[in-house]
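**Student:** Got a structure for you, written out below as structure tokens; questions coming shortly.
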Amino acid sequence: MNIIDGKKISTEIKDEVKQDVEALKAKGVKPCLAVVLVGDDPASRVYVRNKIKACEYTGIKSVSVTMPADTSEDSLLEKVAELNADRSVHGILVQLPLPAQIDEQKVINAIDPDKDVDGFSPVSVGRLSIGLKGFTSCTPAGIIELLKRSGIAIDGRTCVICGRSNIVGKPMAMLLLRENGTVTVCHSHTRDLRAVTGEADILIAAIGKPKFFTADYIKDGAVVIDVGMDRDENGKLCGDVDFDSVKDKASYITPVPGGVGPMTIAMLMKNCVEAAQE
């Protein structure tokens, strides 16, 4: 069993981004990410702080826009339009979730697809689905990097994704298809989940249920990627995979924390530099 070190690989990617940023600055281009936070959700504030720290590390300029929790949808859309028009801003990220009075999809739709570094815009999703160049949702893109940089072949392998969210499951399926994986997406209506996951050479767990996947869901020698960020009965951070029960059966496994999590922000930085290179 090999533990895939997401911290180490994410640092490699951020160091590559740092070099790209220096090359852009030498040409007079200063990559810039605008991060919009509406309200004061504690988890969102932590995420935003981590993104700003990663910008500082890579040399990307970050612009923080903080708006009160009672901000109207129109005010937020105006702010997005302003950032779209600002030539010095290359990437725009609106931290989700948004307060109840704001339609999230409307805000995502309003972001210029060429600045959509989160990869959530319908245009970005459309580009991904037909194989055009565009931004990819950061967590699935990070998982592909974890696999490739760990020397794990995807081509021709049976890949099973548990979870069909727009942010992880669906784009993950597209990316694995692009790498010539044979892809199955499971969800809450899947019959006999154990039988399906038991065939997986590569299993991606993204259902949000703590320690759900035990050894009996896993094929001997499978690669197990745990996207879950859950709390166990003691309030301790854990994933969707029961790490202790699965680790001796898997050939490779990601820990929680320290696996997929750090990759998401590293790929955000990568997307931001690509936006500045256009």
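**Student:** Would you say residue 146 is in the same structural domain as residue 194 (by TED's automatic domain parsing) and not aromatic (Phe, Trp, Tyr)?
**Tutor:** It is true that residue 146 is in the same structural domain as residue 194 (by TED's automatic domain parsing) and not aromatic (Phe, Trp, Tyr).
**Student:** Filter the range 141-172 down to the residues that are touching a residue at least 12 places away in the same chain (Cβ under 8 Å), under 16 Å from residue 223 (Cβ atoms) and of a type in the set (Gly, Ala, Ser) and list them by number.
**Tutor:** Passing the criteria: 142, 150, 156.
**Student:** Report yes if some residue within the range 113-124 is over 19 Å from residue 185 (Cβ atoms), among the charged types (D, E, K, R), modelled with pLDDT under 95 and not assigned by TED's automatic domain parsing to the domain that holds residue 202; otherwise report no.
**Tutor:** No: zero hits.
**Student:** Output yes when any residue across the range 198-205 is out of contact with any Cys (no Cβ under 9 Å at 6 or more places or on another chain), within 30 Å of residue 54 (Cα to Cα) and modelled with pLDDT of 95 or more, and no when none is.
**Tutor:** no
**Student:** Could you identify the single residue in 250, 275 that is over 21 Å from the mean Cα position of the chain (by Cα), surrounded by 19 or more Cβ atoms within 10 Å (Cβ to Cβ) and not in a strand (DSSP E or B)?
**Tutor:** 250
**Student:** Within the range 58-67, is there a residue that is farther than 27 Å from residue 107 by Cβ, of a type outside the set (Lys, Arg) and either surrounded by 15 or more Cβ atoms within 10 Å (Cβ to Cβ) or without any contact (Cβ under 8 Å) to a residue 60 or more places away in the chain (or both)?
**Tutor:** Here is the first cut: in the range 58-67, the residues farther than 27 Å from residue 107 by Cβ are 59.
From the residues that got through so far, the ones that are of a type outside the set (Lys, Arg) too are 59.
Narrowing further to those that are either surrounded by 15 or more Cβ atoms within 10 Å (Cβ to Cβ) or without any contact (Cβ under 8 Å) to a residue 60 or more places away in the chain (or both): 59.
Yes, the conditions are met somewhere in the range 58-67.
**Student:** Something else: Exactly one condition in (1) in contact with a helix residue (DSSP H, G or I) (Cβ under 6 Å, 6 or more places away or on another chain); (2) surrounded by 23 or more Cβ atoms within 10 Å (Cβ to Cβ); (3) among the β-branched types (Val, Ile, Thr); (4) over 22 Å from residue 52 (Cα atoms) is false for residue 223; which is it?
**Tutor:** For residue 223, the failing item is (1).
**Student:** Looking only at residues that are more than 20 Å from residue 206 (Cα to Cα) and in contact (Cβ under 8 Å) with a residue 60 or more places away in the chain in the range 110-140, which one is surrounded by the fewest Cβ atoms within 10 Å (Cβ to Cβ)?
**Tutor:** 114
**Student:** Could you look through the range 24-51, keep only residues that are outside any loop (DSSP other than H, G, I, E, B) and free of Cβ contacts under 8 Å to residues at least 40 places away in the same chain, and pick out the one that is farthest from residue 73 (Cα to Cα)? Quick ask: steps written out before the conclusion?
**Tutor:** Here is the first cut: in the range 24-51, the ones outside any loop (DSSP other than H, G, I, E, B) are 24-26, 32-38, 42-51.
Those left that are additionally free of Cβ contacts under 8 Å to residues at least 40 places away in the same chain: 25-26, 42-43, 45-46, 49.
Values: 25: 35, 26: 39, 42: 21, 43: 21, 45: 20, 46: 23, 49: 24 Å.
Residue satisfying both the conditions and the ranking: 26.
**Student:** A further question on this structure: Look at residue 225 and say whether it is farther than 15 Å from residue 4 by Cβ and either touching a residue at least 24 places away in the same chain (Cβ under 8 Å) or not assigned by TED's automatic domain parsing to the domain that holds residue 165 (or both). Please lay out each step first, then the result.
**Tutor:** Details: farther than 15 Å from residue 4 by Cβ: no; either touching a residue at least 24 places away in the same chain (Cβ under 8 Å) or not assigned by TED's automatic domain parsing to the domain that holds residue 165 (or both): yes.
In short, no.
**Student:** If you take just the strands (runs of 3 or more DSSP E) that sit entirely in the range 129-235, which of them hold at least 1 residues that are more than 14 Å from residue 254 (Cα to Cα)?
**Tutor:** It comes to 158-162, 182-186.
The values are calculated or read from the model by the stated rules, or taken from the named source; none is laboratory data. What you see is a predicted model, and the numbers here were worked out from it, not measured in a lab. Note that each Cβ is placed from the backbone with ideal geometry, even for glycine, and that neighbours are counted across all protein chains shown.
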